[in-house]
Amino acid sequence: MSSPLYTPLSDQFIVPTNKDIEAKLRPDGDGKITYLCGNSLGLSSKRSIAMVKEELDAWSTRAVLGHFFHPYGRPWTEVCDELTPTLAELVGAKEKEVACMGTLTNNLHLMMDSFYKPTPERFKILCEARAFPSDQYAFASQVMAHGLDPSTAILEISPRQGEYVLREEDILETIAREGSSIALVLFSGVQYYTGQWFPMQKITAKAKEQGCICGWDLAHGIGNVPMSLHDWNVDFAVWCTYKYLNSSPGGIAGLFIHEKWNEIERPKFAGWWGHELATRFDMPPTFSPVVGAQGFQQSNPSALALAALLGSLQIFKEVGMMGPLRERSLQLTAALEKLLKNSKYFLPLSEIPKEYPQSSEPRFTIITPSNPSMRGAQLSLLFLPVGSGTMKRIFNILSNYGVVGDEREPDVIRLTPIPLYNTLKDCEQGAFYLDKSFETLLTK
Ligand SMILES: *Cc1c(COP(=O)(O)O)cnc(C)c1O
């Protein structure tokens, strides 16, 4: 990567055309869309598509024999072995601390079942207010499964009045103050709505200091920001792979369990894929788990899902993993931020009056932290006046201009340049068509 803002990798990914997505305001139908939504679903790569086709071929030509005798050298019984080292590197873990399995919310439940052990004194879960809904539902249902009331057992930290992101000092102070009643501290590494990257190491250290278990949801963290889960002494983490890791919709997920738990935590909800490999296929009647995270595997994984992930992870390896990617990500996101801030429709967050009349002209601001060390690739744009429907109207026009971000009700559009396949031109087009969308809206 000689010039950090140019990547020859764009052509390894398949970008839909304006015609594909029916972008009505873009007459150049065959042109590629501007995809700034890899935070939600990564693009397909040619490699993933080819590897999935290979698996279909293996299935057709070898059938059950493909488990051990595979035409492309990836026998289904062992295919995870190709993925776990790369996943471990992405989260900063040892290979045995990582398992490639299941789905994110399933894994979250599994990990909470093992690690959330409330007692009368220590029973709370500390999380961010407005966590991703699936996580909120998981927290509430776990708490209720222990006979507790979510309104007392779930402790949420909210941004201060008039602010959008959490302050580090508020999080650390809450852990210090409430620590003795907290069983589990569980945040997302990167917040899905605001794009804030939480100070993971400091939060983990504070939680451990207070004797709490500390887990992380890395749905928006893995493949986006560098992490060192092992060194940070994180207890467990879960993630999905279809966002920054481009593994296809609903792709296989993963989890991390720190090796310090190897002696203590045994899987409670065991399945045959967690049984040690040497005797797994002897079908012994007694469960003897693999040591470490892989002991928590339950079912034999989908070969198609693994192939799709493997294709993308090979590209990660070729570009040198998170070091170069984060560097490029910092540049792309800074470039997009600068372009957006130059828009005549942009208002700095600090200049938005408390009472912002509903009759005001439509504008936008950015609620993602401006400090690059407090964010990943994503920028969250808040549309004003809040609650006026401006966001939805702009979003629809923007999509018709062939720019795909994603909307989050009520007022946010997330735009994310992905260092693996987005370019500076994508950032320029995103900002350009956002302005055009405002113009189109105002001339209606
Ligand atoms: C994307 C995302 C999910 C989605 O959960 P699935 O189980 O993969 O459907 C859950 N939590 C967070 C924080 C997410 O960003």
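The values are calculated or read from the model by the stated rules, or taken from the named source; none is laboratory data. Keep in mind the model is a prediction, meaning the values are calculated, not measured. Note: ideal-geometry Cβ built from the backbone for every residue, glycine included; neighbour counts use all protein chains shown. Accessible surface is based on the protein model in full, side chains and every heavy atom, while ligands, DNA and RNA are left aside. Shrake-Rupley method; radii C 1.70, N 1.55, O 1.52, S 1.80 Å.
With Arg408, Arg414 as the choices, which residue is within 22 Å of the chain's Cα centre (by Cα) and open to solvent by 30 Å² or more (accessible area, probe 1.4 Å)? Spell out how you get there, then give the answer.
Values: Arg414 fails: open to solvent by 30 Å² or more (accessible area, probe 1.4 Å).
Step by step, each of Arg408, Arg414 is checked, and only Arg408 is within 22 Å of the chain's Cα centre (by Cα) and open to solvent by 30 Å² or more (accessible area, probe 1.4 Å).
Working carefully through the options Leu381, Leu441, Leu415, Leu420, find the one that is of a type outside the set (Phe, Trp, Tyr), in a loop (DSSP other than H, G, I, E, B) and in contact (Cβ under 8 Å) with a residue 24 or more places away in the chain. Even if it seems obvious, please write down each step before you answer.
Working: Leu381 fails: in a loop (DSSP other than H, G, I, E, B); Leu441 fails: in a loop (DSSP other than H, G, I, E, B); Leu415 fails: in a loop (DSSP other than H, G, I, E, B).
Result of the check over Leu381, Leu441, Leu415, Leu420: Leu420.
From the residues in region 56-91 that are of a type in the set (Val, Ile, Thr) and open to solvent by less than 50 Å² (accessible area, probe 1.4 Å), which one is farthest from Ser299 (Cα to Cα)? Before the answer, list the steps.
Taking region 56-91 as the starting set, the residues that turn out to be of a type in the set (Val, Ile, Thr) are 61, 64, 77, 79, 84, 86, 91.
Filter again for open to solvent by less than 50 Å² (accessible area, probe 1.4 Å), leaving 77, 79, 84, 86, 91.
Working: Thr77: 11, Val79: 14, Thr84: 16, Thr86: 21, Val91: 23 Å.
Taking the candidates together, the pick is Val91.
Among the candidates Glu361, Glu428, which residue alone is in contact (Cβ under 8 Å) with a residue 12 or more places away in the chain, within 28 Å of Tyr244 (Cβ to Cβ) and not hydrophobic (A, V, I, L, M, F, W, C)? Walk me through it before giving the result.
Numbers: Glu361 fails: within 28 Å of Tyr244 (Cβ to Cβ).
Result: Glu428 is the single residue among Glu361, Glu428 that is in contact (Cβ under 8 Å) with a residue 12 or more places away in the chain, within 28 Å of Tyr244 (Cβ to Cβ) and not hydrophobic (A, V, I, L, M, F, W, C).
Which of the residues belonging to region 94-111 are away from the ligand (no atom under 13 Å from the Cβ) and crowded, with 22+ Cβ neighbours inside 10 Å?
Glu97, Val98, Ala99, Cys100
With the requirement that a residue be within 30 Å of Thr84 (Cβ to Cβ) and hydroxyl-bearing (Ser, Thr, Tyr), what does region 312-345 give you?
Ser312, Ser329, Thr333
Looking at Tyr164, is it open to solvent by 50 Å² or more (accessible area, probe 1.4 Å) and within 16 Å of the ligand (Cβ to nearest atom)? Step through it out loud before you land on a result.
Working: open to solvent by 50 Å² or more (accessible area, probe 1.4 Å): yes; within 16 Å of the ligand (Cβ to nearest atom): no.
In short, no.
Mind listing whichever residues of region 120-146 are open to solvent by 60 Å² or more (accessible area, probe 1.4 Å), touching a residue at least 12 places away in the same chain (Cβ under 8 Å) and more than 16 Å from the ligand (Cβ to nearest atom)?
The answer is Glu121, Arg122, His146.
Look at Ser40 and say whether it is open to solvent by 20 Å² or more (accessible area, probe 1.4 Å), of a type in the set (S, T, N, Q), outside the structural domain of Asn233 (by TED's automatic domain parsing) and within 16 Å of the ligand (Cβ to nearest atom). Can you show your working first?
Details: open to solvent by 20 Å² or more (accessible area, probe 1.4 Å): yes; of a type in the set (S, T, N, Q): yes; outside the structural domain of Asn233 (by TED's automatic domain parsing): yes; within 16 Å of the ligand (Cβ to nearest atom): yes.
Criteria met by Ser40.
Mind listing whichever residues of region 347-376 are surrounded by 19 or more Cβ atoms within 10 Å (Cβ to Cβ) and of a type in the set (Phe, Trp, Tyr)?
Phe364
Residue by residue through region 384-396, note down the ones that are assigned to a helix (DSSP H, G or I) and open to solvent by 10 Å² or more (accessible area, probe 1.4 Å). Let's see the steps before the verdict.
Residues of region 384-396 assigned to a helix (DSSP H, G or I): 390-396.
Scanning region 384-396 gives Lys392, Arg393, Phe395, Asn396.
Restricting the search to region 269-299, which residues are hydrophobic (A, V, I, L, M, F, W, C), in contact with a Leu (Cβ under 9 Å, 6 or more places away or on another chain) and under 22 Å from Pro85 (Cβ atoms)? Full working, then the answer.
Of the residues in region 269-299, the ones hydrophobic (A, V, I, L, M, F, W, C) are 269-270, 272-273, 277-278, 281, 283, 287, 290-291, 293, 296.
Checking the rest, the ones that are also in contact with a Leu (Cβ under 9 Å, 6 or more places away or on another chain) come to 269, 290, 293, 296.
Result: Val290, Ala293, Phe296.
Restricting attention to region 193-215, does a residue exist that is within 13 Å of the ligand (Cβ to nearest atom) and assigned to a helix (DSSP H, G or I)?
Within region 193-215, not a single residue is within 13 Å of the ligand (Cβ to nearest atom) and assigned to a helix (DSSP H, G or I).
Output the residues belonging to region 297-309 that are part of a helix (DSSP H, G or I) and open to solvent by 10 Å² or more (accessible area, probe 1.4 Å).
In the first step, residues of region 297-309 are kept if they are part of a helix (DSSP H, G or I); the result is 303-309.
Ala303, Leu304, Ala305, listed by residue number.
Considering region 230-240 alone, what residues qualify as being more than 9 Å from the ligand (Cβ to nearest atom), assigned to a loop (DSSP other than H, G, I, E, B) and buried (at least 23 other Cβ atoms within 10 Å of the Cβ)?
Val234, Asp235
Say we look at region 252-278 and pick out the residues that are assigned to a helix (DSSP H, G or I) and at pLDDT 95 or above; which of these is surrounded by the fewest Cβ atoms within 10 Å (Cβ to Cβ)?
Residues of region 252-278 that are assigned to a helix (DSSP H, G or I), as a first pass: 259-261, 272-274, 277-278.
If we keep only those that are at pLDDT 95 or above too, we end up with 259-261, 272-274.
On the way: Glu259: 15, Lys260: 12, Trp261: 17, Trp272: 14, Trp273: 20, Gly274: 23.
Checked region 252-278; the qualifying residue surrounded by the fewest Cβ atoms within 10 Å (Cβ to Cβ) is Lys260.
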